[in-house]
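Please read the structure below before turning to the comments.
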Amino acid sequence: MTTPAPDASKPRIGGEVRGLVYRAGGANRIDGIDLALPKSSLTVVLGPNGAGKSLLLRLMHGLLEPAAGEILWDGKRLDERMRVRQAMVFQRPVLLRRSVGANIRFVLRLRGKATLEAVDSLLAEVGLEQLADQPARQLSGGEQQRLALARALALKPAVLFMDEPTASLDPAATASIESIVKRAHERGAKVIFVTHDLGQARRLADDIVFLNRGRLVEHTPAERFFDQPDSRQARQYLSGKLILD
Amino acid sequence: MQDFGEAFRLAFQLVLTADPDLLEIIVLSLRVSLTAVAFSCLIGLPLGAALAIARFPGRPALIILLNALMGLPPVVVGLLIYLMLSNAGPLGWFQLLYTPTAMIIAQTVLITPIVAALCREVVEQLYSEYAEQFRSLCMTRRQAMSALLWDARYSLLTVGLAGFGRAVAEVGAVIIVGGNIDHLTRVMTTAIALETSKGNLALALALGLVLLTIALSVNAAVMMLRMTASRYAYA
Ligand SMILES: Nc1ncnc2c1ncn2[C@@H]1O[C@H](COP(=O)(O)OP(=O)(O)O)[C@@H](O)[C@H]1O
Ligand SMILES: [Mg+2]
């Protein structure tokens, strides 16, 4: 497996949100979140279903417009120039109706750097080099998600958003995704990984952002979060209880 | 009164012996309609795709208009193009009336709305799936449009076939602007209309058989495209 050299030209980027509010269906679905994500960490966003994890990710990536508040990356307001340095993998991969290789070439061409070697090394990175000529949408769920991840990595993102990418995958596929994400993080990408799988959070996280009902409950280093979380809600969540408030 | 059985026998004979007059009519029909479809796709596909992803105030009205234009009566199109191309008309100077070019223009006007409207529907459906990913990739409208057109290629081929089916079978527009002139602008549908009224049922029937075969082939092609597309999960 070829592993591209660390991308030293691309220092990590830290993110910050201030007073973030997002309204939908007559309610604040994101309800005044203040958060500062350090540059160097792999951040895992945890919380029960409907907590607002996906909304937070979409807002931070500029896919949604907040009703109030600010989103800063590297101290600057989120704009298109920052957005091209970010990539996102969705819970359900959206693949083009083309071959596996063509899906990668497509994004490389968008950024004006499609070369055969680039396609090959990206596919090798996620272990799909044998399947380059297959129609992408015929792949298994795990392979599709790996392709989506390879496509995101093709953008050489400074920030990589992952929204429950393994929610419907088997353990082997999950392990493969996790190790690719860890490598990307080691090579310098700021990773923000949403999950509601506690085991996955333990395996990946440097710091945990814990959301409940559109609010930030706590943002703590992973060790402390799992040993002695600050909040009652996190304790309930960790002990497998439903959080009813 | 001609014997129908005899007419059928003669019709099959014309088809099977590849009668030169028959062939000439078929070839012209195909040339006119295929050219019209090509132009319609050239105009209608980008138009439909643009309408599918653009958001502007008059958009719903435009979509309703386009859908309404799908049902344009061919004779009305024929009449309008006739007025444009006749000597007194704005394009009379080109002397196109009663030429195959006039017929191509009329059929292009007739089926461009069909291609555009169906394309809009297909692409909009696809875009609802791709939109967020495209936004994440910071794609421009132009990039999105061409990517969508390519990914919808199988559906759009069937759109083109639908346009062709409509063009090759219509009679109202081509008879007005083409005039059904022997060896010049006589196509299958106009020939059937004329020969039937003259009582020459054999030629009319032979052309009818060919038209039916074309209609069947178009539908078979659409079916095969759908199957191919779903086999590769490209549908
Ligand atoms: N467009 C919308 N209209 C109404 N409610 C929405 C909309 N988008 C999200 N929500 C609601 O906001 C809450 C948070 O959603 P989401 O961020 O997807 O949760 P999760 O933490 O499971 O990813 C959910 O209760 C969801 O139903
Ligand atoms: Mg979610």
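The values are calculated or read from the model by the stated rules, or taken from the named source; none is laboratory data. None of the values given here were measured: they were computed from a predicted structure. Virtual Cβ from ideal backbone geometry, glycine too; neighbours counted across all protein chains shown. What goes into the accessible areas is simple: the full protein's heavy atoms, side chains included, and nothing from ligands, DNA or RNA. Shrake-Rupley method; radii C 1.70, N 1.55, O 1.52, S 1.80 Å.
So the values come out like this:
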| item | result |
| --- | --- |
| Residue selected from segment B:97-132 under the condition within 11 Å of B:S40 (Cβ to Cβ) and among the hydroxyl-bearing types (S, T, Y), by the criterion farthest from the other protein chains (Cβ to nearest Cβ) | B:T108 |
| Test result for A:L46, within 13 Å of ligand 2 (Cβ to nearest atom), under 21 Å from A:E178 (Cα atoms), more than 9 Å from chain B (Cβ to nearest Cβ) and open to solvent by less than 20 Å² (accessible area, probe 1.4 Å) | yes |
| Listing of helices (runs of 4 or more DSSP H) fully contained in segment A:38-155 that carry 2 or more residues being in contact with a Leu (Cβ under 9 Å, 6 or more places away or on another chain) | A:53-60, A:100-110, A:116-125, A:141-154 |
| Of all residues in segment A:49-66 being over 11 Å from A:G15 (Cα atoms) and of a type in the set (A, V, I, L, M), the one that is surrounded by the most Cβ atoms within 10 Å (Cβ to Cβ) | A:L56 |
| Selection count, segment B:193-227, where residues are closer than 28 Å to B:L157 by Cβ and open to solvent by 40 Å² or more (accessible area, probe 1.4 Å) | 12 |
| The one condition in (1) more than 16 Å from ligand 2 (Cβ to nearest atom); (2) touching a helix residue (DSSP H, G or I) at 6+ places or on another chain (Cβ under 7 Å); (3) open to solvent by 50 Å² or more (accessible area, probe 1.4 Å) that A:R29 fails to fulfil | (1) |
| Scope segment B:31-61; condition farther than 14 Å from B:T112 by Cα, surrounded by fewer than 15 Cβ atoms within 10 Å (Cβ to Cβ) and of a type in the set (A, V, I, L, M, F, W, C); matching residues | B:A54, B:F56, B:A61 |
| Counted residues, segment A:49-61 - those being more than 9 Å from ligand 2 (Cβ to nearest atom) and within 14 Å of another protein chain (Cβ to nearest Cβ) | 4 |
| Any hit, segment B:150-164, residues being over 19 Å from the mean Cα position of the chain (by Cα) and open to solvent by 20 Å² or more (accessible area, probe 1.4 Å) | yes |
| Lone qualifier among A:S40, A:S54 - being away from ligand 1 (no atom under 15 Å from the Cβ), among the hydroxyl-bearing types (S, T, Y) and in contact (Cβ under 8 Å) with a residue 24 or more places away in the chain | A:S40 |
| In segment B:165-183, the residues that are over 8 Å from the mean Cα position of the chain (by Cα) and in a helix (DSSP H, G or I) | B:A169, B:G172, B:A173, B:V174, B:I175, B:I176, B:V177, B:G178 |
| Matching entry among A:P48, A:P93 (being within 16 Å of ligand 1 (Cβ to nearest atom) and out of contact with any strand residue (DSSP E or B) (no Cβ under 6 Å at 6 or more places or on another chain)) | A:P48 |
